[in-house]
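The values are calculated or read from the model by the stated rules, or taken from the named source; none is laboratory data. As the structure is a prediction and not an experimental result, all values here were calculated from the model. The area values use the complete protein model at the heavy-atom level, side chains included, leaving out ligands, DNA and RNA. Shrake-Rupley method; radii C 1.70, N 1.55, O 1.52, S 1.80 Å.
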Amino acid sequence: MRKRYSPKRPKVSHRPMPYEPGQWDRTGQRNKQRKKKGGTTNISPGTIKSYKGFRSQLAAYQKERLRIIHFADLTIEFYNDFRLFLTDKRYSPNTVARMIKICKTICYAAEQLKLLDAGNIRSGFEVIYRDVDNVYLTDERINELYEYDLSDRPGNGTGTFLHHHGERAKR
């Protein structure tokens, strides 16, 4: 039996970083070392999803740059390069800001656990959010869409309906 060829990939270690309270560590044990502000250990599924997203982006960054990031590597140069990496992937400015914010949160947790001095993080890692223009439907338009009869359309007619009424469909 022949082995499949797979190109050599740089070794990226996933050294455990401090987790937010209430998350599970890599061994499946509940992390109880830190608590969220206010003393609760309840973390929302959205927070966990955000942290996993950050972890995957950091792993992609390490893979692309062929280097492993340790706490000592979290400098202004890393900050600028990580922002550039995310921007090159065409992430929105607010997504980049969210990733930087999560990085800062992890650094502050590491500082509390005496793994890092986060002084350079405080002064240099700026989280820059942009204002967005949210577009909402008026109550009138919502009622019009709700009352629209789709019974005479093939396949429930939602695709045709959305096309004719200028609503965004899946891209």
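Leaving out ligands and nucleic acids, note down the accessible area per residue over segment 103-143 with a 1.4 angstrom probe, in whole Å². Intermediate results must be reported in sequence, preceding the final value.
Details: 3120 Å² over 41 residues.
Result: 76 Å² per residue.
Could you calculate, for segment 83-130, the ratio of the Cα radius of gyration to the Kirkwood radius, expressed as Rg to Rh? Looking at segment 83-130, the ratio lands at 1.04.
Placing Arg65, Arg98 in order of accessible area, with the largest value first and a 1.4 Å probe, yields Arg98, Arg65. Between Ser92 and Asp131, the contour length at 0.36 nm per residue exceeds the alpha carbon distance by 12.9 nm.
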